[in-house]
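J.: I'd like to ask some things about the structure below.
The values are calculated or read from the model by the stated rules, or taken from the named source; none is laboratory data. The shown structure was predicted, so the numbers you read here are calculated from the model rather than taken from an experiment. Here Cβ is always computed from backbone atoms with ideal geometry, including for glycine, and neighbour counts include all displayed protein chains. Remember, those area values only see protein heavy atoms, side chains included, never the ligands or the DNA or RNA. Shrake-Rupley method; radii C 1.70, N 1.55, O 1.52, S 1.80 Å.
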Amino acid sequence: MYVAYTVLVVATLIGIITRVVPGMKNIVWGMEASRFCMVWLVMLINSVNIKERDEIVIEVLITRVPDKVRRIMAIISDILVIAFLAIMFWYGLKVCLTNKNQMTASLGITMNYVYACMPLGAFCMLLEKVIVFVQDVRSRTAIKTMNEEVIDSL
């Protein structure tokens, strides 16, 4: 994630500088590299969000139900997300392998390096979600969102 973020920032900065400073040759690969790094970054950072329980939830609905119902809702949600991520991993792998001969426009690398973020990101998220699911099933207390945990710690 750090490498993708660093490349994203540096490529964007170089692209901006070469467009603004008169007399400098404009680079064509900067925007493509930035775009691909952003996709990689999003796919990898979501596994951290799952680990930290900082996923997108409808807090108005979750915070207004009893703890037992909240626990059941969290387990059902975990199962649905696990199923989605398994499908995403499978089809992401197929897309990655299918496009191994396609080349990027300006960087000149094969697209399977770009598309590899789909199965890799889905796999990382799937591992984290399975861990969260096991914790949710074993837990006897109410499952809290990240915001509720922060509020409780104050």
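J.: Note down the magnitude of the dipole of the chain about its Cα centre, charges +1 on Lys and Arg C-beta and -1 on Asp and Glu C-beta and zero elsewhere, to the nearest 20 debye.
T.: Using Cβ point charges on Lys, Arg, Asp and Glu, the chain gives about 320 debye.
J.: Can you give the Rg to Rh ratio of the range 2-74, both from alpha-carbon atoms, with Rh computed by the Kirkwood formula?
T.: 1.33
J.: Quick one: how many Å² of residue 37 are accessible to a 1.4 Å probe, rounded to 10?
T.: Probe radius 1.4 Å; accessible area of residue 37 about 20 Å².
J.: Something else about it: Compute the long axis of helix 67-98 from its Cα atoms, compare it with the longest principal axis of the Cα atoms of the chain, and write down the angle in degrees, 0 to 90, nearest 10.
T.: 30 degrees
J.: So what are the radius of gyration and Dmax for the Cα set of the chain, in Å?
T.: Cα radius of gyration and Dmax of the chain are 20.2, 66 Å respectively.
J.: Please report the accessible area of residue 54 (heavy atoms, 1.4 Å probe, ligands and nucleic acids excluded) in Å², nearest 10.
T.: Accessible area of residue 54: about 80 Å².
J.: Same structure, new question: Run the count for the chain, please: Lys pairs, Cα-Cα under 16 angstrom, 8 or more apart or on different chains.
T.: For the chain, qualifying lysine pairs total 4.
J.: Take 51, 129 and sort them by solvent-accessible surface of the protein heavy atoms, 1.4 Å probe, largest at the top.
T.: Numbers: 51 125, 129 5 Å².
In descending accessible area the options line up as 51, 129.
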